[in-house]
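K.L.:
Mind having a look at this structure? Questions to follow.
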């Protein structure tokens, strides 16, 4: 499984939990440095950000993907739209949460969000 990380660095412990939850080995982590310029249109920045992951059109469509979205909500929405356009589906998304009472602040893997399954379920309620 290929992890595309648009957020903070994932540790070996995070990846071990991901492998346990998904039942798949992480073959590669693509780290994408994410920074948005408030003075420029976000759609073009999201496109460039996804481009910078360096995946080919075939890889976007055939690799098993897990995405760690940017934490900035507008950036995350646009990155998801861009990814859906390239993959043809909503990718699974990693959700991290703060570890209670950790100093300095630490984060742990909370769950894997299956966005495509959520979308398909929601369509049945139309």
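The values are calculated or read from the model by the stated rules, or taken from the named source; none is laboratory data. Since this is a predicted model, take the numbers as computed values, not measurements. Virtual Cβ from ideal backbone geometry, glycine too; neighbours counted across all protein chains shown.
K.L.:
For residue 20, work out the one condition from (1) surrounded by fewer than 18 Cβ atoms within 10 Å (Cβ to Cβ); (2) at pLDDT 95 or above; (3) in contact with a strand residue (DSSP E or B) (Cβ under 7 Å, 6 or more places away or on another chain) it doesn't fulfil.
P.N.:
(3)
K.L.:
Looking at the range 71-88, is at least one residue surrounded by 18 or more Cβ atoms within 10 Å (Cβ to Cβ), under 22 Å from residue 13 (Cβ atoms) and either over 13 Å from the mean Cα position of the chain (by Cα) or modelled with pLDDT of 95 or more (or both)?
P.N.:
no
K.L.:
Starting from the range 6-33, take each residue that is assigned to a helix (DSSP H, G or I) and list its partners that are surrounded by fewer than 16 Cβ atoms within 10 Å (Cβ to Cβ), counting only C-beta distances under 7 angstrom and pairs at least six apart or across chains.
P.N.:
From residues that are assigned to a helix (DSSP H, G or I), the pairs are 19/25; 21/112; 22/112.
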